[in-house]
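What follows is one structure encoded as structure tokens, with my remarks underneath.
All of the numbers you see were taken from the coordinates with simple rules; none came from a lab. Keep in mind that this is a model prediction, so the values were computed, not measured. In this analysis, Cβ positions are derived from the backbone assuming ideal geometry, glycine residues included, and neighbour counts consider all displayed protein chains.
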Amino acid sequence: MHFDYTDKVKGLRERLLAFMDEHIYPNESRFFAEIAANRAKGNAWLPTTLIEELKPKARAAGLWNLFLPQSKRAPEGLSNLEYAPMCEIMGRAPFAAEVFNCSAPDTGNMETLERYASEAIKDQWLEPLLKGEIRSAFLMTEPEVASSDATNIQCRIERDGDDYVINGRKWWSSGAGDPRCAVYIVMGKTDPEAPRHSQQSMIVVPANTPGIKILRPLSVFGYDDAPHGHMEVLLENVRVPASNLLLGEGRGFEIAQGRLGPGRIHHCMRSIGAAERALELMCQRLNSRVAFGKPISAQSVWHERIADARCRIEMARLLTLKAAYMMDTVGNKVAKAEIAMIKVVAPNMACDIIDMAIQAHGGGGVSDDFPLAYSYANQRTLRLADGPDEVHRQAIAKLELARHMAVKSDVDMPVTRGC
């Protein structure tokens, strides 16, 4: 495996770093100030003018839709391995990915539509998403069941003539709070009597369809993440054309695995960027503060923490690159162990390093004067999003046990003669 950057990626990376220095880092305070100003006026759920101003600049710089590989509709898309260093850089600031049209859940939804939707659906919804004209949401998790096991999902998608009728309650529907959110992809049950993994389906639902009600935004450690938001959504007799069903009835699990693989690794790429920035801020802070007569950076306890942070970032990056390489070369299904491993490793690593950085900043670290508290909230959430740590660890353990069981069977199998 070779993880060297190609000349193409080197050029894109330099442009992205320059864009971040010129447009992203200097505007972090403006981004949050805009949202605060909207909230003070009575409505935080408005798109920021900053993001809309920066999108055309990102597109003009050739830094647009980089996440989507092998798509005629997005020829600028990179392979997973090529995209990894770009996504990591975007992860250094919480709002950066949207500027480049590379933010969740739109990226996962665009991949889903590209892989599984009809050409008519692509024309209607994928094209405006690729242009950054609209946003989207993915409705899977439900409040009344343990959604870490998606077979528990209760939302019903029932055929009625030329339509499907949807009834259910979803939550943690990220992106549904944004007024630009024009379309949902909804997962629900079409046949509760089918085999366990063939009961679910996915369907495309316009956000303005009658019967949809946004109940409330859910906060994450006190942050409502406006205007993006994580909403609780009620669907009551929501009727959409049968042609909006993706692939066919009972294919929801298949689609989910295709969708969540890239989404998981993108989160991990951004987690590495968040950890890198936290380490950078930590070192700057330690070098600039004096306690007990010498710089805090001279205290040996911080040497231990800094060294540990650097080692863990490098290990996580290498595992992420390996997973990306395998996704590109042998496919998501074969790379499932590596995807699961990095989904456990990266957010845990980032949480720990951001926590160290918070400690180095003292009281300032838990305030919004620095990006660390918000970054920690995001990374801690990722230990639950797209499958909790426990589910991924279970999958990794099962694969490992099966591998050794096969070896043991080969060794212990007696040799017999035929009669």
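In this simple spin-label approximation, ALA146 and ARG196 carry label points 7 Å from Cα along the Cα→Cβ vector, and these lie 1.2 nm apart. With R₀ fixed at 45 Å, the C-beta to C-beta distance from GLU304 to HIS2 puts the FRET efficiency at about 0.85.
Only Cα pairs within less than 10 Å get springs; with that Gaussian network setup on the chain, which residue of ARG15, ARG259, ARG317 has the largest fluctuation? Top of the fluctuation ranking is ARG15.
Just to confirm my numbers, what's the Cα centroid distance between segment 30-53 and segment 146-215 in Å? Between the Cα centres of segment 30-53 and segment 146-215 lies a distance of 30 Å.
Here the simple spin-label model places points 7 Å from the Cα toward Cβ, and for GLU390 and ARG73 these points are separated by 3.8 nm. Counting only residues at least eight positions apart within a chain, or on another chain, the aspartates and glutamates with an alpha carbon under 13 Å from that of LYS336 are ASP328, GLU400. In this label model, ASP163 and LEU247 are separated by 2.7 nm, measuring between points 7 Å along each Cα→Cβ vector. Semi-axes of the equivalent ellipsoid of segment 83-213 are 27, 18, 14 Å, computed as sqrt(5λ) over the eigenvalues of the C-alpha gyration tensor in descending order. Shown in residue order for segment 389-400 are the 3J(HN,Hα) couplings computed by the Karplus curve 6.51 cos²θ - 1.76 cosθ + 1.60 at θ = phi - 60°: 3, 4, 5, 5, 4, 4, 5, 4, 5, 4, 5, 5 Hz (x for Gly and Pro). Is the shape of segment 277-337 rounded, prolate or oblate, going by the alpha carbon gyration tensor and its root eigenvalues a ≥ b ≥ c, with a/c under 1.5 for rounded and a/b larger than b/c for prolate? Prolate is the answer for segment 277-337, as a/c is 1.5 or above and a/b outweighs b/c. When you restrict to C-alpha pairs under 8 Å that are six or more residues apart and normalise by the size of segment 189-282, the relative contact order lands at 32 percent. When peptides 240-248, 218-226 are sorted by average Cβ neighbour count within 10 Å, with the highest value leading, the order is 240-248, 218-226.
Eigen-decomposition of the gyration tensor built on the alpha-carbon atoms of segment 139-232 gives equivalent ellipsoid semi-axes of 24, 17, 9 angstrom, largest listed first.
A Gaussian network model of the chain, with springs between Cα atoms under 10 Å, assigns the largest mean-square fluctuation among ALA36, ALA316, ALA93 to ALA36. With no solvent and one point per C-alpha, what does the Debye sum give as log10 I(q)/I(0) for segment 262-369 at q = 0.11, 0.12, 0.13 Å⁻¹? Summing over Cα pairs of segment 262-369 leads to -0.41, -0.47, -0.53.
Taking GLN359, GLN299, GLN379 in turn, the Gaussian network model of the chain (Cα-Cα springs below 10 Å) assigns the largest fluctuation to GLN299. Among the chymotrypsin sites (Phe, Trp or Tyr not before Pro) within segment 272-342, those in coil by DSSP and having at most 16 neighbouring Cβ atoms inside 10 Å are PHE292.
Against the empirical curve 2.2 N^0.38 Å, the C-alpha radius of gyration of the chain lands at a ratio of 1.04.
A quarter of the convex hull surface defined by the alpha-carbon atoms of segment 5-82 gives 6.2 nm² as the mean projection. Of CYS311, CYS268, CYS155, CYS181, the sequence from fewest to most neighbouring Cβ atoms within 10 angstrom is CYS311, CYS155, CYS181, CYS268. Cross-link partners of LYS213 among aspartates and glutamates, defined as those whose alpha carbon lies under 13 angstrom from its own and excluding same-chain residues fewer than eight positions apart: GLU232, GLU236.
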